[in-house]
Amino acid sequence: MDTNELMEKANKSILYTSKKPDIIMQKGKGMYLWDTEGKKYLDFMGGWAVTCLGHCPDVMKEALINQGSELINASPAFYNTPLIKFADLLIQISAFDRVFFTSTGAEANEGAIKLARKYGAKKLNGAYEIITTINGFHGRTLATMSATGKKVWEKLYAPKIPGFIHVPFNDIDAVKKAINKNTCAVMLEPIQGEGGVNVANVEYIKELRSLCDQNGVLLIFDEIQTGIGRTGKMFAYEHYDIVPDIMTLAKGIGGGYPLAAMLTREELNIFEPGDQGGTYTNQPLGMAVGYAVVKEILGKNILENVNIQGDYIVEGLNGIKNEFGFKDIRGKGLLIAVDLPCDNAVQVVNECLEDGLLLNAPKPHTLRIMPPLIVSKEDTDEMLKILNGVLKKVAG
């Protein structure tokens, strides 16, 4: 079946939820994807920060084959060996004591919301409100969309789930004003990914931790995008010298396999049977893949590479900043944003696609760069060459 026939079937059978280009990805290896026509694409989007080890890494293939031949799913009613090994590994490398696994980041955030409200019911006289940030992003379920601070979502799927208060990001005074007797938690991304790669200030986070402690409310870090090495440390909270009460992970934790997790302290081990669960929680195949991915990151100096390559990308962008009038370059590690002088980021992304480069535009004037953590200087040189040509074309 050729590409045209496949596209015709796709347009007839797949529910429309977003505009996609008329290409069909066929295979991937390392930093590259190939479509059904054989065209090659350098991937600096990384499946939206998902393919942390690149495409089809051997360590993931081996984990899938080995575990798939032994046990794929035993139901969440039982423990399994990969589950215990992976949970133990995450506890060893983090500041947390307990972990709950899910398939998606939205589910992990739902779990965090439930746990915070359970805590509010048990410890704070029924407090249930969660303070979140404007331009934050927490998922696409009704509850996580309600938590998300996107203006365009305010009236979508009304009525929303009540109990979320949105305040400006990096504004500690706004949080102080919003906290009240109904507050059970503050929830935010340490770096807003979908919001345009907005980095939380160190003092803001430190004050936020103190404020939560003073008021007896929980601090939740959504590290769906920043966790598992993306920022140059295994977890972004490590940049701030504080520890949140709850942390959620997804994207990079599975290297492309659908996997997510919620981690918390022992004091919050308060769910009762029936409060939380899911058919695919703890399934052995996902546990084996997640374990293999995290062990690979820990054992191959990948965090060092993230810092080196992140600096190299920023250096390269600064080298063309004045020529193209970039308004700002920001981020941490391999989560980087570039603000363009006008609202043509989508056009730039589309032109890059034509020239074999995958980038993302989270805002009309912003490019987001989030390649696999295995990216090399040669890859960045190629990315900058293509981007430079596209920006000249667009400017012309």
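Miscellaneous remarks
- When residues in the stretch 154-168 are screened for being under 23 Å from the mean Cα position of the chain (by Cα), in contact (Cβ under 8 Å) with a residue 24 or more places away in the chain and within 23 Å of G120 (Cβ to Cβ), 4 of them pass.
- Just one of the listed residues (A63, A77) is at pLDDT below 95 and farther than 30 Å from D173 by Cα, and it is A77.
- Within the stretch 139-169, the residues that satisfy the criterion of being at pLDDT 90 or above, in a loop (DSSP other than H, G, I, E, B) and among the small types (G, A, S) are G139, G163.
- Hits in the stretch 296-332 (condition: in contact with a strand residue (DSSP E or B) (Cβ under 8 Å, 6 or more places away or on another chain), surrounded by fewer than 13 Cβ atoms within 10 Å (Cβ to Cβ) and either of a type in the set (D, E) or in a loop (DSSP other than H, G, I, E, B) (or both)): K327
- Subset of the stretch 35-54 (residues that are over 16 Å from the mean Cα position of the chain (by Cα) and hydroxyl-bearing (S, T, Y)): T36, Y41
- Restricted to the stretch 177-212, and to residues there that are hydroxyl-bearing (S, T, Y) and surrounded by fewer than 19 Cβ atoms within 10 Å (Cβ to Cβ), the residue that is farthest from A236 (Cα to Cα) is S210.
- Check on Q214, out of contact with any Pro (no Cβ under 9 Å at 6 or more places or on another chain), polar (S, T, N, Q) and in contact (Cβ under 8 Å) with a residue 60 or more places away in the chain: no
- Residue check for L6: in contact with a helix residue (DSSP H, G or I) (Cβ under 8 Å, 6 or more places away or on another chain) and in contact (Cβ under 8 Å) with a residue 24 or more places away in the chain: no
Table: residues versus (1) in the same structural domain as G333 (by TED's automatic domain parsing); (2) of a type in the set (A, V, I, L, M).
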site: K27; (1), (2): yes, no
site: G30; (1), (2): yes, no
site: T36; (1), (2): yes, no
site: Y41; (1), (2): yes, no
site: M45; (1), (2): yes, yes
site: A49; (1), (2): yes, yes
site: E62; (1), (2): no, no
site: Q67; (1), (2): no, no
site: E70; (1), (2): no, no
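- Residues located in the stretch 359-377, provided they are surrounded by fewer than 18 Cβ atoms within 10 Å (Cβ to Cβ) and of a type in the set (S, T, N, Q): S376
- Residue match in the stretch 144-151 (condition: farther than 21 Å from R265 by Cβ, within 15 Å of the chain's Cα centre (by Cα) and of a type in the set (S, T, N, Q)): yes
- Enumeration of residues in the stretch 150-190 that are on the phi > 0 side of the Ramachandran plot and out of contact with any strand residue (DSSP E or B) (no Cβ under 9 Å at 6 or more places or on another chain): Y157
- Checked against the criteria, Y280 counts as of a type in the set (S, T, Y) and either at pLDDT below 95 or assigned to a loop (DSSP other than H, G, I, E, B) (or both).
The values are calculated or read from the model by the stated rules, or taken from the named source; none is laboratory data. Here the structure is a predicted model, which is why all the values come from computation and not from measurement. FYI the Cβ positions are ideal-geometry reconstructions off the backbone, even for glycines, and counts take in every protein chain you see.
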